[in-house]
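Undergrad: Pasting a structure below so you can have a look.
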Amino acid sequence: MFVKLENVTKTFNEVVAVDQLSLEINKGQILCLLGPSGCGKTTTLKSIGGFLRIDGGRIIIDGEDITNMPPEMRPTSTVFQSYALFPHMTVLQNVIYGLKFKGYSRKEAIKKGEEYLEIVGLLPYRNRNVQQLSGGQQQRVALARALVVTPKVLLLDEPLSNLDAKLRVKMREEIKDIQSKLGITMIFVTHDQEEALHIADVIAVMNEGKLEQLGTPREIYCNPKSKFVLDFIGNSNVIEENSGAISFVRPEEIIMDRHEGNICGKIVKKTFSGPYISYVVQTDNNILNVQGQNTGNEEFEMGEYVYLTFKERHIHLKKHSSV
Amino acid sequence: MSKSKNMVYKAIDYFIFIVLVMLLLIFILRPIYAIIRTSFILDGKFTLDIYRNLFRDNIRLIKNSLFVATLTTIISVIISINVAIYVSLSKGRIRKILILLLMLTMISPPFLSSLAYIKLFGRRGFITHDILGLTLNTYGWQGIVSMQSLSSSSMNAFILTGIINRIDKDIIKSSLDLGANTSYTIRKIILPMMKPGILNVALLTFVRSLSDFGTPMTIGGAFNVLATQAYLNVIAYSKMELAAAICVLILIPAAIAFTQYRIFSRKNVLYTQNTIANEMLDEDQDESIKPKGPLWRFIQIFASLFLFTMIIQYLTIFLTSITQYSYGKMYFTIEHFVHLRKYLGDSFIRSITYGFITGICGGILSFFTSYYVEIRKFRASRLLDFVVTLPSIVPGVFMGIAYILAFNNKPLELTGTSAIVILNIMFRQLPSNTRVYNANLSQIGTQVADAGKDLGAPSIYIVKDILFPMSKTAFMTNFVNNFKNTMTTVGAIIFLVYPGKKLATLEMFSAIREGKYGVGAAASVTIILITLTINILMSRLIMRWKNVR
């Protein structure tokens, strides 16, 4: 395993922020630490970067125990949430700053810096002052600055949270492209599940300092292991079985039809949201959310009686399990 | 990076840190210890006699001090609340003039209002004698209270305006939007939100009045207070232990004021005077707030009266500096300024030189203090932070006398040197300087410093390449403050300066005491002009830096 966390624990004034966290990922993977605010994901990232001293456990990267190393000695580099660019330096000066301490001559450093600015598409801006750049461009400078020192693991602390919705989608594509180009291992903190599902190879869902589930995006979405993960990821209709187990079905996994289906119900709410139309259907036992594609062909109306068929139904959780 | 290089960097880091801690111990803790110790030791033995005597012999002075301080506090707080609300909510020219005048008082030497008072209401005062034809003895508590209230009010109005500015303007707008009128909004929204600030301003005024010996000495006449007694005990009677005890006594309300300030400031980011001033001038007043109603009328009238008084005060000083009376006639002259150049030129040059030294050295000292306490945050940094704030708790007189007691014998015999004066000003300014850096460094600095570390930079590189260049505007702000302070301070340094090495403010003090009012006024005007010039030059520089970004 390339990155390994063993029982990492961190407390702040007796509040346990990270509780016995263990996880591991392979080289070249993107791990997303996902969870609501206060779940300990940023604390975990800062502990890996060396900005926080952990109270218990071990952190191992590429076979080396880095638990007690100061940040400047660790084989990691961080893209900070605020980017933390040096405001009085140009783009290029920012990017090559770390190379000075790796023994690069100034000439070599500039060459390498320009190479990485090319990768993030900012070469023409190299002599600009960083404060003249837009948010997305600053983000790229921060990325280039962290990548140029060729860390073994790149840490990203909610890097896209300061960007607007459209740019966020664009940047996450870029980060993924750069990652596959360089083959670098990344740990990415986010509270945005869609972002995590999109970018990650492995997702670690965290809650109250504990790891709820570690798995691929598909595993997390299709086979949530706890009620928390189920609630946190995506929308779902939770159905209580006679056996006492809980099953769930995603809104997009329900087929709605006027004539045939397993369950009958009445549409009590309809919401238009662009590519989708969301319906709320009242059946005998449940209220179900159903998502219909806005294809322009078939649309249902309020008050209409419809038949529902579940394409897939996941029965996983014992009642009260891991809740 | 090589291991040996790393060791060198670490060693430098430790060395700077140790030097810093030693400086803080020697120049802050040692004097404070010395003065407290002196007030309890008589003939080498611990005793409470000094305090017993103090209370027995000086009960009248204590009463006088408390009376003046209480009255000054009440009046000053009322004035400053009105002025602050007016400045915050009004627009237009009067507001601008008022802000400029408030800023002017920040760079004015002390005793300026006392001097104006003498010229207007004194025995030969322009108003009392020349207009009303009276020859009154107006020296007494009334004068002290009015002048202390007036000069405290500017400072307080400054602080309170800063606090109102920090209230989200949308809160005020939403109150108006919900149908409240101006009076109701001021009473129910603005005043309650100002409350901790008002309390703090009141406490500070109380302490300032208690420790002010200059005003009572110039216009108090026969009315004596505790601080004057402390001053005379040092200067005239050499009864150090009594002076020390008086200082320790004044420390009690000062400590209360400080504690309240700390609790208050924990919840609020505190602005420096400079940022408040800039904000006040920069900010385009929101058109949607249109104050009116009887309470607003009252505030307007109050603020206008204050403005009027201030204008009269400065006008008096200016006129006094360029006029002369001869055979009951007033005529213009440059004689006072000529006198200044001839006899007091040296002390002005000395003041400016000291100003530059404290500006630069104080800036460096406070930068490192802020760096180790705020950015590095090690185990004892809270303790160190407390030591650094001590000089802001104790009044100027206290620190002045403390320095004499601490540095009058070997191994650190500094009395009579320029160094003791400069060090005193520097360390007294350290808390406010450090606060400016903290505000600058703690917001962005911690993460930026982390980024530097993350990229492999050793601490001294982070300081040299990142933090120091990043905080150059803070450095300048501190430079201006320290310079201004050196040009205008009296309280502490009056005890430390030897006759041959007087500073401009002290010459001004002597001139007023000797009745050379024209020279005193000329000195005031010159001090203001010098400080103003430096202020404008440095602000230009800061502006240019900001625009380059």
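Undergrad: With each pseudo-label sitting 7 Å past Cα toward Cβ, what's the residue A:257-residue A:127 distance in nm, one decimal?
TA: Each label point is offset 7 Å from its Cα along the Cβ direction, giving 6.9 nm.
Undergrad: Let me ask you something else. How many angstrom separate the Cα center of the stretch B:470-549 from the Cα center of the stretch A:8-34?
TA: Cα centroid of the stretch B:470-549 versus Cα centroid of the stretch A:8-34: 55 Å apart.
Undergrad: Once the Cβ-Cβ distance between residue A:311 and residue A:245 is put in as r, and R0 is 22 Å, what FRET efficiency do you end up with, to the nearest 0.05?
TA: Result of the calculation: an efficiency of 0.70.
Undergrad: Apply the Karplus parameterisation 6.51 cos²θ - 1.76 cosθ + 1.60, with θ equal to phi minus 60°, to every residue of the stretch A:26-31 and state each ³J(HN,Hα) to the nearest whole Hz, in sequence, with x for glycine and proline.
TA: Taking θ as phi minus 60°, the curve returns 8, 5, x, 9, 9, 9 Hz for the stretch A:26-31.
Undergrad: Go ahead and run the numbers for FRET between residue A:7 and residue B:378, Cβ-Cβ distance against an R0 of 41 Å, rounding to 0.05.
TA: Computed FRET efficiency for residue A:7 and residue B:378: 0.95.
Undergrad: Still on this structure, I have one more. When the chain is fully extended, how far beyond the present Cα-Cα distance does residue B:124 get from residue B:43, taking 0.36 nm per residue of separation?
TA: 24.3 nm
Undergrad: For a footprinting-style exposure proxy, rank B:336, A:88 by other Cβ within 10 Å, fewest first.
TA: Ranked by crowding around the Cβ, least crowded first: A:88, B:336.
Undergrad: Mind checking the alpha-carbon convex hull of the stretch B:66-311 and giving the volume per residue in Å³?
TA: 133
Undergrad: Using the crude model of +1 on Lys and Arg Cβ and -1 on Asp and Glu Cβ, and no other charge, please compute the dipole size for the protein assembly as shown relative to its Cα centre, in debye to 20.
TA: Result for the protein assembly as shown is approximately 3400 debye, rounded to the nearest 20.
Undergrad: Could you check the simple spin-label distance between residue B:180 and residue B:167, using points 7 Å along Cα→Cβ, in nm with one decimal?
TA: Placing both labels 7 Å beyond Cα along the Cβ direction yields 0.7 nm.
Undergrad: Still on this model: Based solely on its DSSP helices, what 222 nm [θ] is calculated for the protein assembly as shown when runs of n ≥ 4 H residues each add -39,500 (n - 2.57) and the sum is averaged over all residues, nearest 500 deg cm²/dmol?
TA: That comes out to -17500 deg cm²/dmol.
Undergrad: Nearest 20 debye, what's the magnitude of the dipole of chain B about its Cα centre given +1 on Lys and Arg Cβ and -1 on Asp and Glu Cβ?
TA: Charge dipole, chain B, about its Cα centre: 280 debye, nearest 20.
Undergrad: Can you name the helices of chain B, as whole DSSP H runs, whose Cα span along the helix axis is 27 Å or more and whose Kyte-Doolittle mean is not below -1.0?
TA: Qualifying helices: B:3-24, B:59-89, B:141-166, B:191-211, B:240-267, B:294-322, B:345-370, B:418-454, B:517-548.
Undergrad: If you place +1 on the Cβ of every Lys and Arg and -1 on the Cβ of every Asp and Glu, how big does the dipole about the Cα centre of the stretch B:66-311 come out, in debye to the nearest 20?
TA: Value, rounded to 20: 320 debye.
Undergrad: Moving to a separate point now. Using amide H atoms built 1.01 Å from N in the peptide plane, name the residues 5+ places from residue A:32, or on other chains, whose amide H lies under 5 Å from its own.
TA: A:188, A:201, A:202, A:203, A:204
Undergrad: Let me ask something else about it. Given all pairs of different Cα atoms, what value in angstroms does the Kirkwood hydrodynamic radius of the stretch B:392-549 take?
TA: 18.3 Å is the Kirkwood radius here.
Undergrad: Looking only at A:94, A:162, A:262, which one moves most when chain A is put into a Gaussian network model with springs between Cα atoms under 10 Å?
TA: A:262
Undergrad: Note down the nm distance, to one decimal, between modelled labels 7 Å out along Cα→Cβ at residue B:319 and at residue B:386.
TA: Going by the 7 Å Cα→Cβ label model, 5.4 nm.
Undergrad: Once a ≥ b ≥ c are taken as the square roots of the eigenvalues of the Cα gyration tensor of the protein assembly as shown, is the result rounded (a/c under 1.5), prolate (a/b larger than b/c) or oblate (a/b not larger than b/c)?
TA: Prolate, because a/c is 1.5 or more and a/b exceeds b/c.
Undergrad: What is the list of residues in the stretch A:182-202 whose amide nitrogen lies under 18 Å from a point 7 angstrom out from the Cα of residue A:218, following Cα to Cβ?
TA: Those under the cut-off are A:196-202.
Undergrad: Go through A:79, A:38, A:67 and say which Cα lies farthest out towards the positive end of the charge dipole of the stretch A:30-174; charges sit on Cβ, +1 for Lys and Arg, -1 for Asp and Glu.
TA: A:79
Undergrad: Can you give the FRET efficiency for residue B:56 and residue B:255, using 1/(1 + (r/R0)^6), R0 = 30 Å, r = Cβ-Cβ distance, to the nearest 0.05?
TA: Here the calculated transfer efficiency is 0.80.
Undergrad: Follow-up. Report the one residue of B:351, B:399, B:384 whose Cα lies farthest in the direction of the positive end of the charge dipole of the stretch B:288-418 (charges on C-beta: Lys and Arg +1, Asp and Glu -1; origin at the Cα centre).
TA: Of B:351, B:399, B:384, it is B:384.
Undergrad: With both bridge residues required to lie in the protein assembly as shown, what share of the DSSP beta bridges run antiparallel, to the nearest 5%?
TA: Close to 75 percent.
A short reminder: the numbers here are calculations on the coordinates, not readings from a lab. Predicted, not measured: the structure shown is a model, and the values here were computed from it. Because the Cβ atoms are built from the backbone with ideal geometry, glycine has one as well, and the counts that use them run over all protein chains shown.
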